[in-house]
């Protein structure tokens, strides 16, 4: 085993359970370094002052070179305990910006950024920090979850357009938990840049978004050569921008059939799910593309099954 190169050991270690990495690191000094890349690859943090204290300790250690993902969770609230006399909690967005800037200053190259329960006003033009966008320009994966109450002139589109190396994009505009959310949803091109922005986009996941059939098909066409995963949930199909939803049953059937036809044109598609709701039961619908087929989990199979009956 000692004769094997580090690259092969890393490939082997990638199959281990996260619970095995502490023991794996005890084998030898060499295995300790390899295991650290997996065990400390994510920095999970909340909007609290303890986050900044923990970050300072990590950035002063060798472990900082292992971190590739920043995972911010704004739903975790700091609760002072009797054992710790902590100062008041810092505002969430400020902590996120401080952490990103600190890692960049320390020379740590972050490739993945996840932001759960990010306040919607984070992307307001008057508040959005330009330094944040500049530092994040090397991201290959971005996962955003926020309630949709973003101003029409928000900075989200411009921010996403600057992520030229993006390979995975998740945009979730609603609550983290699924309770049949009926709140306002943004239109697709209110939050997604038009045209081919990302040359290597492999995965896209959209939740609680309004789409026109033409708008969604345009996105699928633009990334037909690269997309391998497509996940749509809580999607509201509308006829034109400004509508709430399609009321006519026949219009809904035609819309979903066209959307599934668009999925069939994706040349590298390996996994997909399409859900109009987030709480209804799903079935598998097989989509046939050029030289292959993909099973799609969906709750709109009723609109699709009629086509076979005809």
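The values are calculated or read from the model by the stated rules, or taken from the named source; none is laboratory data. Bear in mind the structure is a predicted one, so any value in this text is a computation, not a measurement. Reconstructed Cβ throughout: ideal geometry from the backbone, glycine too, with neighbour counts over all protein chains shown.
Okay, residues lined up against (1) within 18 Å of residue 161 (Cβ to Cβ); (2) crowded, with 20+ Cβ neighbours inside 10 Å:
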| position | (1), (2) |
| --- | --- |
| 189 | yes, no |
| 192 | yes, yes |
| 196 | yes, no |
| 205 | no, no |
| 214 | no, no |
| 218 | yes, no |
| 222 | yes, no |
| 228 | no, no |
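Applying the criterion of being in a strand (DSSP E or B) and crowded, with 18+ Cβ neighbours inside 10 Å to the residues of the stretch 31-46, the residue that is modelled with the lowest pLDDT is 45.
Just wondering, is there one or more residues in the stretch 87-109 that are surrounded by 13 or more Cβ atoms within 10 Å (Cβ to Cβ), assigned to a loop (DSSP other than H, G, I, E, B) and either at pLDDT 90 or above or at positive phi (or both)? Yes - at least one qualifying residue is present in the stretch 87-109.
Within the stretch 116-143, the set of residues being at pLDDT 90 or above, touching a helix residue (DSSP H, G or I) at 6+ places or on another chain (Cβ under 8 Å) and over 11 Å from residue 163 (Cβ atoms) comprises 132, 135. Annotation: residue 170 fulfils all but one of (1) surrounded by 18 or more Cβ atoms within 10 Å (Cβ to Cβ); (2) modelled with pLDDT of 90 or more; (3) under 29 Å from residue 72 (Cα atoms); the unmet one is (1). How about the stretch 262-310: which of its residues are part of a helix (DSSP H, G or I) and touching a helix residue (DSSP H, G or I) at 6+ places or on another chain (Cβ under 8 Å)? Across the stretch 262-310, the qualifying residues are 262, 263, 303, 304, 306, 307. Here is a list of conditions, (1) at pLDDT 90 or above; (2) in contact with a helix residue (DSSP H, G or I) (Cβ under 8 Å, 6 or more places away or on another chain); (3) not in a loop (DSSP other than H, G, I, E, B), and residue 205 meets all of them except one; can you say which number that is? Just one mismatch for residue 205, condition (2).
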